[in-house]
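K.L.:
A single structure is presented below for examination.
All of the numbers you see were taken from the coordinates with simple rules; none came from a lab. Predicted model, so just to flag it, every value in this text is computed and none were measured. Cβ atoms come from the backbone with ideal geometry, glycine included; neighbour counts cover every protein chain shown.
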Amino acid sequence: MTSIDVQDLTKEYGSKRAVDQLTFQVLPGRVTGFLGPNGAGKSTTMRLVLGLDRPTSGTATIGGRPYVTLPEPLRHVGALLDAQAAHGSRTARDHLRVLAASNRVPERRVDELLEETGLASVARRRVKTYSLGMRQRLGIAAALLGDPPVVMLDEPSNGLDPEGIIWIREVLRRLARQGRTVLVSSHLMNETASFADHLVVLGRGRLLADTPMREFIHARVQPRVRVRSTDGVVLGALLAQHGHEAVEDGDGRWIVHHARVEDIGHLVSGAALPVLELAAEEGTLEQAYLDLTASEAEFTATPSPAQPQEA
């Protein structure tokens, strides 16, 4: 089994502990979202896994081996940490050809990836002429070049247009369906929710959560029901009579906390109250994430004081 295994991993830079005794495992066959506020230690952890930094203590292995011991590593692990890494004076095609030659990857794979990432028509242009989104596509092409069983991507949607975001979402899902191990770091909660099966969440270098995404959300965001009737006043009184915590939302609509659709449906049906709307409001990944990390952000903005109005 080709998994990423992090065990008691710690990294210190002088007096600062960037990663603090982390232990988690990234398994094949699913997309694992790697989340945390700025400064949480995500990028440092990925660098440690890829052998770009040495841990102060603990281990990070891929398929049971440190990355630096892997022969032809591009065939084992594909990674994108920095879309600006490609040399600007090279063409995209030459950049991929160099990587392919150094890892004994057939050159035909270069053209396959240029087509897959939508860069075939600009493959002979110098990378310095590329937009951020194009560089991002090139970095993804490089990560997938060796057809690796393990893929690690840091903010892969950065700079992509809407079509590109849909494309990378499908790529991630396909890789997971193929049984690969996929770890994706992102700050975009809605986007992560669209592709991730599992979450690993860091805060100040420590592990905050390692759980399936749906369980993560349900554990932190209570379900709500949205219900609307022709007579909002009667509906509100009915909800209060049965002990429901409800807030009026205008136009005869009520938001009922800690409730299920079937319970509210039975209640209003039993009272013969006409219902115009009845729906569950699912919690979002963003809500759950902010609930967990509210006290873990190293960098937070302070709202500006209100400016006085001119007379």
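K.L.:
Using Cα pairs closer than 8 Å and at least 6 residues apart in sequence, work out the relative contact order for the chain, in percent.
P.N.:
Values: 611 pairs, mean separation 64.9, N = 311.
Dividing the mean separation by the residue count of the chain yields 21 percent.
K.L.:
Let me ask something else. Between (i) 0.95; (ii) 1.07; (iii) 1.10, which entry matches Rg/Rh (Cα atoms, Kirkwood Rh) as derived from the coordinates of this structure?
P.N.:
Given (i) 0.95; (ii) 1.07; (iii) 1.10, the structure-derived one carries the label (iii).
K.L.:
Compute the Cα gyration tensor for the range 99-190, then decide on rounded, prolate or oblate, letting a ≥ b ≥ c be the square roots of its eigenvalues: rounded whenever a/c is under 1.5, prolate when a/b is larger than b/c in the other cases, and oblate in all that remain.
P.N.:
Details: a/c = 1.84, a/b = 1.11, b/c = 1.66.
Note, shape of the range 99-190 comes out oblate.
K.L.:
Right, another one. Per the helix-only calculation at 222 nm, which mean residue ellipticity applies to the chain, given -39500 (n - 2.57) for every DSSP H run of n ≥ 4 and division by its residues, nearest 500 deg cm²/dmol? Before the final figure, lay out each step's value.
P.N.:
On the way: 10 runs with 101 residues, N = 311.
The helix contribution divided over the chain gives -9500 deg cm²/dmol.
K.L.:
Going by amide H atoms built from the backbone, whose H comes under 5 Å of the H on VAL275, apart from near neighbours?
P.N.:
Here the answer is none, since no amide H 5 or more places off falls under 5 Å of that of VAL275.
K.L.:
Scan around ARG30 for amide H atoms under 5 Å from its own, H built in the peptide plane at 1.01 Å from N, and keep only partners 5 or more places away or cross-chain.
P.N.:
VAL182
K.L.:
Excluding residues fewer than 8 places away in the same chain, name every one of the lysines whose C-alpha is closer than 25 Å to that of LYS42.
P.N.:
Within the straight-line limit of under 25 Å, LYS42 reaches these lysines: LYS11, LYS16.
K.L.:
Residue-wise, which Karplus ³J(HN,Hα) couplings in Hz belong to the range 7-23, taking 6.51 cos²θ - 1.76 cosθ + 1.60, θ = phi - 60°, and x for glycine or proline?
P.N.:
My calculation for the range 7-23 gives 10, 6, 7, 9, 9, 10, 10, x, 8, 9, 9, 7, 10, 10, 6, 6, 9 Hz in order.
K.L.:
So what are the ³J(HN,Hα) numbers for the range 245-254, from phi and the Karplus equation (6.51, -1.76, 1.60; θ = phi - 60°), rounded to whole Hz, Gly and Pro as x?
P.N.:
Whole-Hz 3J(HN,Hα) from phi for the range 245-254: 7, 10, 10, 6, 10, x, 6, x, 9, 10.
K.L.:
Considering only C-alpha atoms, what is the centroid distance from the range 128-150 to the range 235-263, in Å?
P.N.:
The range 128-150 and the range 235-263 have Cα centres separated by 50 Å.
K.L.:
A further question on this structure: Using Cα centres only, tell me the gap between the range 58-100 and the range 155-220 in whole Å.
P.N.:
21
K.L.:
At a 10 angstrom cut-off on C-beta neighbours, averaged per residue, how do the peptides 185-198, 118-131 rank from highest to lowest? Before the final figure, lay out the partial values.
P.N.:
Numbers: 185-198: 18.7, 118-131: 15.1.
Packing proxy ranking, top to bottom: 185-198, 118-131.
K.L.:
Ranked highest first by the average count of other Cβ atoms within 10 Å around their residues, in what order do 26-32, 242-248 fall?
P.N.:
26-32, 242-248
K.L.:
Quick check on packing: order 75-86, 93-104 by the mean number of other C-beta atoms within 10 Å, highest mean leading.
P.N.:
Highest-to-lowest ranking by the protection proxy: 75-86, 93-104.
K.L.:
Could you pull out every residue, at least 5 positions away or on a different chain, whose amide H is within less than 5 Å of the one on ARG17? Hs are placed 1.01 Å off N in the peptide plane, and Pro or chain starts have none.
P.N.:
none
K.L.:
Is the shape of the range 221-287 best called rounded, prolate or oblate, per the rule: a/c under 1.5 gives rounded, else a/b larger than b/c gives prolate, else oblate, with a ≥ b ≥ c the square roots of the Cα gyration tensor eigenvalues? Display every interim value, and only then the final one.
P.N.:
Values: a/c = 1.82, a/b = 1.65, b/c = 1.10.
Prolate shape, in that a/c is at least 1.5 and a/b is the bigger ratio.
K.L.:
Per residue of the range 73-79, what does 6.51 cos²θ - 1.76 cosθ + 1.60 with θ = phi - 60° give for ³J(HN,Hα)? Whole Hz please, x for Gly and Pro, Karplus curve as stated.
P.N.:
Result, ordered by residue: x, 5, 7, 9, 9, x, 9 Hz.
K.L.:
Where in the range 117-133 does the amide nitrogen come within less than 19 Å of the point 7 Å from the Cα of ARG108, taken along Cα to Cβ?
P.N.:
Flagged as within label range: 117, 120.
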